[in-house]
Amino acid sequence: MKRVLITGGAGFIAHHTIKHILENTDWEIVSLDRLDYSGNLNRIADMMNEFDKKNQNRVRIVFHDLRAEVNEMLQADLGNFNYIIHMAASSHVDRSIDDPMCFVLDNVVATCNILNFCRKNNSLERFIYFSTDEVFGPAPKGVNYKERDRYNSTNPYSATKAGGEELAVAFENSYNLPIYITHTMNVFGERQHPEKFIPMVIRKVRDNESVTIHSDETKKIPGSRHYIHAKDVADGCLYLLNNEDKIIKLKKDYGGAKCPKFNLVGPIELNNLELAKKIAEAQSKDLKYEMVDFHSSRPGHDLRYALDGQLMKQLGWSPKISIDERISQVVEWSLKNNRWLKT
């Protein structure tokens, strides 16, 4: 039986990844988490209620703050793993602007500590570093960044994710660790933190409140993203682990770099006003909204992010369910599970 370690397992995307692995493999899973503002064991508890006792026993939860090294005692307790998916991170742009050093510790130092743990792992087949579209910075209209385009971090969050990513590349080059890097865009789904855009819009539409739509300085062009459901992100990660043979055959045309990178991209691009209207439609309500100049209200944020998903399509993977269906699912679930909308 394979063993997989998921860092930040009580986080939003990671707990969906745990669920997806439980549903589609017989692997043993260890969740490593420090349980800060973004980690919530209730996510795992809620999700695990959908499984029988046998499958529940496949998941073990371990507390550890990766700002500290994985010491010998913890190494012995954890054992060896076939796969490590490093999803633990601080990810809120506003928080990073207020406290950049916190993000250096969480996204750079912590990444170095888990990579050092990997060096002592005798059975490691693959390490996935979970990065972000934001390392590429704002995307001009018509530009979708490919996996190896230049970086242009515009806030401490994206800069520290880029720093962790470069550490992962260096550990493959220096120590021959088997590393993949993924970039993904704005992820949504069940049990997301209520401060995020989609759960916030669901709650405000439900309560007949006005929604703030970040736009350009003219207040006419909304920001846009390729939104992707967390279940699709989890599916993409598992696809990479299960299709090594396809990846080996990829033509490597990026200057001899060893570490493969993959963009996990949502099916279509939506601007935030279109998305908010879809959320309102799913509740059979009209959208009340105000367009706000994003540069003035939220410095360090970018109007448009965009990734090119052609490499994953070439490998045979893309999200299986339409964005409209995903949004409807999340709205319906969130309204039925009201406590996950409370701030």
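Computed values, structure above
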{"read-out": "Some residue of the stretch 101-111 being part of a helix (DSSP H, G or I) and without any contact (Cβ under 8 Å) to a residue 24 or more places away in the chain", "value": "yes"}
{"read-out": "Breaking point among (1) open to solvent by less than 30 Å² (accessible area, probe 1.4 Å); (2) more than 28 Å from D26 (Cα to Cα); (3) hydrophobic (A, V, I, L, M, F, W, C), for A234", "value": "(2)"}
{"read-out": "Residue in the stretch 191-201 that is surrounded by fewer than 23 Cβ atoms within 10 Å (Cβ to Cβ), under 27 Å from Y83 (Cα atoms) and aromatic (F, W, Y) present", "value": "no"}
{"read-out": "Hey, D46 among the acidic types (D, E) and closer than 22 Å to D133 by Cβ or not", "value": "no"}
{"read-out": "Subset of the stretch 160-187 (residues that are free of Cβ contacts under 8 Å to residues at least 40 places away in the same chain and surrounded by 22 or more Cβ atoms within 10 Å (Cβ to Cβ))", "value": "E165"}
{"read-out": "When residues of the stretch 212-234 are limited to those that are at pLDDT 95 or above and touching a strand residue (DSSP E or B) at 6+ places or on another chain (Cβ under 9 Å), the one nearest to F262 (Cα to Cα)", "value": "V233"}
{"read-out": "Selection within the stretch 117-139 - within 14 Å of E172 (Cβ to Cβ), open to solvent by 30 Å² or more (accessible area, probe 1.4 Å) and out of contact with any Pro (no Cβ under 8 Å at 6 or more places or on another chain)", "value": "R119"}
{"read-out": "Residue check for Y157: open to solvent by less than 10 Å² (accessible area, probe 1.4 Å) and under 17 Å from the mean Cα position of the chain (by Cα)", "value": "no"}
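The values are calculated or read from the model by the stated rules, or taken from the named source; none is laboratory data. The shown structure was predicted, so the numbers you read here are calculated from the model rather than taken from an experiment. Quick reminder, even Gly has a Cβ in these numbers, built from the backbone with ideal geometry, and neighbours come from all protein chains shown. Each accessible area value is taken on the protein alone, full model and side chains, heavy atoms only, with ligands, DNA and RNA left out. Shrake-Rupley method; radii C 1.70, N 1.55, O 1.52, S 1.80 Å.
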